[in-house]
Amino acid sequence: MKQSKTFPKDFFWGGSIAAHQCEGAWQEGGKGPAIMDYATAGSYEIPREFTYELEEDKKYPSHDGIDFYHRYKEDIKMFAEMGFTALRISIDWSRIYPRGDEEQPNQEGLNYYSKVIDELIHYHIEPIITLYHFEMPVTLVREYDSWLNPQVIDFYLKYVKTVVSALKGKVKYWVTFNEMNHIDPQTEASDIFTYIIAGIKYSEIKGNKKEVLARIGYNMTLAGVKAAKLIREIDTHNKVGCVFGIHPIYPRDCHPANIMNAFKEMDRDFYQIDAMCNGEFPKYKIEENKDYGIDIEITLEDKKAFQEGKLDFIGMNYYQTGVAKVADESLEDQKLFGGVQNPYLQQSKWGWAIDPIGLRYLLNYTYRKYGLPIMITENGLGAVDELVDGKIHDDYRIDYLKQHLSEMKKAIVEDHVECIGYLMWGPIDLVSATTGEMKKRYGFIYVNKYDDGTGDLSRLPKDSFYWYQHVIETQGEEL
Ligand code: BG6
């Protein structure tokens, strides 16, 4: 068969955004409070805080976001102008079930998302819907113990059923979860990741922390496979994926012990993908958990769910690679995602290693492991943009994206990886998830909003807007 020398014709070109980072309107449309509504604004130097009550002297950036809730028409029009063929948005669970445990959904929330999706369809933009992007109703954490409680799986499935049924015929591509893999029992976790994923601060976990993480990880994985089956039952045309945030780990050097360390560190991110693609929860993980005194019962019903809930595609969020720790390395040396800096790579202002080849490596690695189509669901550069004479000349962003797209192209054309789309994060400036800042900007579209609360929220295309427009126009021929 003749191999196409470029991107497939039906390749998805577009971007990804998440409700809690862009919508704002946190008390409108019947929405309930969600976990990120209690996350304060931080910065690279000052970690976000997760407060129990809202504190008057603190800023909570999800409350206003970039006001996508009211401006979605304007924003989608600009995405359409760039030629997007897909947009990944998330649905905020707390707009559909404000507490999470109600009998009936909030119709206003369903209507809102239906209108947003109609707008996308109007411009022939394929909606790719994430059902959980760190947006859990806070009540499910405070009154039900979050994902530690199997009842929460049932609430999630009810929410999934409600949304997928309501949007039947409009949406084909569904993502069950975003980046649940950042909770791993074998890793010393930080508050930020356990909080954004499950609403729980790592430092406040009482008792066996590993066990708590293992149970959360198991229950979310189980919820993912059960949801996959359910989504396909509602409409057999539906395609179900789950999104993982993977940064490949390189060994420090060729010392065999360091190769092994690197393998182990990277492999930790894959047990949930194994579970969702191979039809069973991996035996190595069950045994590893037992080594730590953690005995998770996998019932016959669970086993059946793993068999029946395999993924149709894998979503990959790729930003950076890491270098494996060596066993005796001090923890102080570790960056946000662990490991030390790679001397061969430049870092972003937020310390994320810029590694385009890492994207080609990850695509190859994952495709050869599972043989499933892969969608790049996030990739982008968080940078400080400066307005000069009313314009943003973001050559650094263009350069970053160009290099990543070029490596992705090699993976598709030369390595024969089935990659079905590239969704850049976040095509419009929005609130950073890890730091809660506006200053860390990713967009093709500049949003006039600043961390001190000023700004009129107006939108402005950056130079990269026109560059991406051209990339899409030429189907990736001209990068
Ligand atoms: C991904 C998340 O991990 O990274 C996004 O899915 C997030 O929600 C993105 O925004 C970039 O991280 P940050 O902290 O720069 O916003």
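If packing is taken as the average number of other Cβ atoms within 10 Å across a peptide's residues, how do 68-74, 309-315 rank, most packed first? Provide the component values of the computation, followed by the final result.
On the way: 68-74: 17.0, 309-315: 21.9.
Going from most to least packed, we get 309-315, 68-74.
Check MET424: other-chain or 5+ apart residues with amide H under 5 Å from its amide H, H built from backbone geometry?
Those qualifying (amide H under 5 Å, at least 5 residues apart or on another chain) are GLY14, GLY15, SER16.
Check PHE244: other-chain or 5+ apart residues with amide H under 5 Å from its amide H, H built from backbone geometry?
Placed amide hydrogens put GLU179, GLY315, MET316, ASN317 under 5 Å from PHE244.
With r defined as the distance between the Cβ atoms of LEU157 and VAL388 and R0 fixed at 41 Å, what FRET efficiency is calculated, to the nearest 0.05?
On the way: r = 50 Å, r/R0 = 1.23.
The computed FRET efficiency comes out at 0.20.
Which of the helices in the chain meet the span-like rule: DSSP H, Cα axial reach of 15 Å or more, Kyte-Doolittle mean at least -0.5? It would help to have the intermediate numbers written out before the result.
On the way: long enough: 68-82 (21 Å, -0.86); 107-122 (22 Å, -0.48); 150-166 (25 Å, 0.54); 209-234 (37 Å, 0.17); 256-267 (16 Å, -0.40); 356-370 (22 Å, -0.56); 395-413 (26 Å, -0.65); 463-473 (16 Å, -0.59).
Both cut-offs are met by 107-122, 150-166, 209-234, 256-267.
Under 17 Å between alpha carbons, and skipping anything fewer than 8 positions from LYS58 in its own chain: which aspartates and glutamates qualify?
ASP37, GLU45, GLU49, GLU437, ASP451, ASP452
What distance in nm lies between label points placed 7 Å from Cα along the C-beta direction at TYR466 and GLN341?
3.4
Ranking request for peptides 16-23, 147-154: highest mean number of other beta-carbon atoms within 10 Å first, then the rest in descending order. Don't jump to the answer; show the numbers that get you there.
Values: 16-23: 26.9, 147-154: 17.4.
Most protected by this proxy first, the peptides run 16-23, 147-154.
I want to make sure I understand the PRE zone here: with the label point 7 angstrom from the Cα of LYS77 toward its beta carbon, which residues in the range 107-124 have backbone N atoms less than 16 Å away?
116, 119-124
Based only on other Cβ atoms within 10 Å, what is the fewest-to-most ordering of PHE263, PHE79? Let's see the in-between values first.
Working: PHE263 13, PHE79 23.
Ordered from fewest to most neighbouring Cβ atoms within 10 Å, PHE263, PHE79 come out as PHE263, PHE79.
So what's the gap between the Cα centers of the range 421-479 and the range 134-169, to the nearest angstrom?
Using only Cα atoms to place each centre, the spacing works out to 30 Å.
Which of the peptides 225-232, 185-192, 97-104 is most tightly packed, and how do the rest follow, judged by the mean count of other Cβ atoms within 10 Å per residue? Write out the running numbers ahead of the final one.
Working: 225-232: 22.6, 185-192: 18.2, 97-104: 16.2.
Top of the packing list down: 225-232, 185-192, 97-104.
Within the set of other residues whose C-beta is less than 12 Å from the C-beta of HIS122, count the net charge using Lys and Arg as +1 and Asp and Glu as -1. Let's see the in-between values first.
Working: positive: LYS73, LYS77, LYS115, LYS170; negative: ASP118, GLU119.
My count for the surroundings of HIS122 gives +2.
With 10 angstrom as the radius, rank VAL141, VAL163, VAL388, VAL326 by how many other C-beta atoms surround their C-beta, starting from the fewest.
Values: VAL141 22, VAL163 26, VAL388 8, VAL326 15.
The order, fewest Cβ neighbours first, is VAL388, VAL326, VAL141, VAL163.
Just subtract the alpha-carbon distance of GLU418 and LYS9 from 0.36 nm times their residue separation and send over the number in nm, one decimal. Kindly include the intermediate steps, with their values, before the conclusion.
Values: separation 409, 0.36 × 409 = 147.24 nm, distance 1.27 nm.
This chain segment gains 146.0 nm when fully extended.
Could you check the spin-label model distance between GLN104 and GLU143? Points 7 Å from the Cα along Cα→Cβ, value in nm.
The modelled label-to-label distance comes out at 1.8 nm.
Could you list, in their original order, any pairs among LYS5/LYS440; LYS158/LYS285; LYS283/LYS349 whose Cα atoms are separated by more than 31 Å? Numbers along the way, then the final one.
Values: LYS5/LYS440 35 Å; LYS158/LYS285 28 Å; LYS283/LYS349 40 Å.
Exceeds cut-off: LYS5/LYS440; LYS283/LYS349.
Averaging over all projection directions, find the projected area of the Cα convex hull of the chain and quote it in nm² with one decimal place. Please list the in-between numbers first.
Details: hull surface 88.7 nm².
Averaged projected hull area, Cα only: 22.2 nm².
Hey, could you get me the Stokes-Einstein D for the range 8-85, Kirkwood radius over alpha-carbon pairs, 25 °C and 0.890 mPa s, rounded to whole µm² s⁻¹?
On the way: Rh = 14.5 Å.
Using the Kirkwood radius from Cα pairs, D works out to 169 µm²/s.
If Lys and Arg each add +1 and Asp and Glu each add -1, what is the summed charge of the other residues whose beta carbon sits under 13 Å from the beta carbon of GLN475? Please list the in-between numbers first.
Working: positive: LYS5, LYS9, LYS409; negative: ASP10, GLU473, GLU477, GLU478.
Neighbour charge sum, excluding GLN475 itself: -1.
With 30 Å as the limit, write out which pairs from LYS170/LYS369; LYS201/LYS290; LYS115/LYS161; LYS172/LYS210; LYS172/LYS303; LYS239/LYS304 have Cα-Cα distances beyond it, or answer none. Intermediate results must be reported in sequence, preceding the final value.
Values: LYS170/LYS369 32 Å; LYS201/LYS290 24 Å; LYS115/LYS161 19 Å; LYS172/LYS210 37 Å; LYS172/LYS303 26 Å; LYS239/LYS304 20 Å.
Flagged as over cut-off: LYS170/LYS369; LYS172/LYS210.
Computed from the coordinates by the stated procedures, all read-outs in this text should not be read as laboratory data. Keep in mind that this is a model prediction, so the values were computed, not measured. So basically every Cβ, Gly included, is an ideal-geometry build from the backbone, and we count neighbours across all protein chains shown.
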